[in-house]
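Accompanying notes for the structure given below.
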Amino acid sequence: GGASRAAPAATPASRGQGTSTLHTVRHAAGTRNYVLYEPPGSETPSATGMPLLVMLHGCTQSPDDFATGTRMNALADAHGVLVAYPEQTARDNGSRCWNWFRREDQQRGRGEPALLAAVVEDIASRRGVDRSRVYVAGLSAGAAMAVILGRTYPEVFAAVGAHSGLPYAAAQDVPGAFAAMQGRGAPRSRPDAGPSVPTIVLHGTADRTVQAGNGEAIVDDALAAHAGGGALRKDVADARMLNGRQVTHIVYAGADGRAPVEHVVIQGAGHAWSGGDPAGSHTDAQGPDASALILAFCLRHAR
């Protein structure tokens, strides 16, 4: 828990019509601030049990910048979702990246995974959250940490969204991180696939910062994790040109019709949030709308 105060507003087009407040969570693993966005009407008694989406920014970004660039708050208004934006500090990483490449930040009960799970607990203690519909998504280093949270806290997070991210434990140190980002070094995916958490991956084929094979490795891990629940059938749900760009949306569906793994491959896209607001950093307005795809995927899944 801790003190809360109003956070600076994002641009009107991105901020939604609700309220953003700044909170601090203190845990044995450290202290971090997070911005909590609450859509209009969420303060009414009937609004208990709302879904929660935790959004993890990329390197050099801040919660407000990420909220602006993704436009997730406007979508939260439409779907009645709480959105939390934890803030990585320059003290904990010089570029404000989540430390996905450190062994101590890849484990349950330690480091940043424990701290981010504590953010969910803090919000749940503050207001009604539907525990079966808590989700996490991120960009780049934030996406890599979202994958780690799905692996380390599968009982907390019902789905993961990874935009331009890396597979679990792709590196153990800084040199390994740069090698993994370029598609070199450690094994691309882990034979121990971990728990089965529904996962959607978005990646641009022209990403020079985090090579697109990393997105494929996240998908491979997610498929391996689901193998025990029966084979998933690969289906191209959508393949189209969008603003001159080929977008292929691959769905892996089970016999029950549910699709716990999805992969959106964006031809020619670089290292940026697809369909984002240019007022935010690391955004690509050309599309498709990553925020809409991720939120729709998440809301189709509950624990």
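What the table shows:
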item	result
Val236 open to solvent by less than 20 Å² (accessible area, probe 1.4 Å) and of a type in the set (A, V, I, L, M)	no
Given (1) in contact (Cβ under 8 Å) with a residue 24 or more places away in the chain; (2) within 23 Å of Ala144 (Cβ to Cβ), index of the condition Ala296 fails	(1)
Strands (runs of 3 or more DSSP E) within segment 23-116 that include 2 or more residues open to solvent by 10 Å² or more (accessible area, probe 1.4 Å)	30-38
Every pair of residues 6+ apart whose Cβ atoms lie under 6 Å, when the first sits in segment 103-121 and is free of Cβ contacts under 8 Å to residues at least 12 places away in the same chain while the second is surrounded by fewer than 23 Cβ atoms within 10 Å (Cβ to Cβ) and not aliphatic (A, V, I, L, M)	Glu104/Arg110; Glu104/Gly111
Criterion: open to solvent by less than 60 Å² (accessible area, probe 1.4 Å) and touching a Leu at 6+ places or on another chain (Cβ under 7 Å) - qualifying residue of Val197, Val210	Val210
Enumeration of residues in segment 251-260 that are hydrophobic (A, V, I, L, M, F, W, C) and modelled with pLDDT under 95	Ala253, Ala255, Ala259
Residue within segment 156-179 that is under 23 Å from Ala302 (Cβ atoms), open to solvent by 10 Å² or more (accessible area, probe 1.4 Å) and modelled with pLDDT of 90 or more present	yes
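The values are calculated or read from the model by the stated rules, or taken from the named source; none is laboratory data. Computed from a predicted structure; not experimentally measured. Backbone-built Cβ (ideal geometry, glycine too); neighbour counts: all protein chains shown. These accessible areas exclude ligands, DNA and RNA; they are computed on the full protein's heavy atoms, side chains included. Shrake-Rupley method; radii C 1.70, N 1.55, O 1.52, S 1.80 Å.
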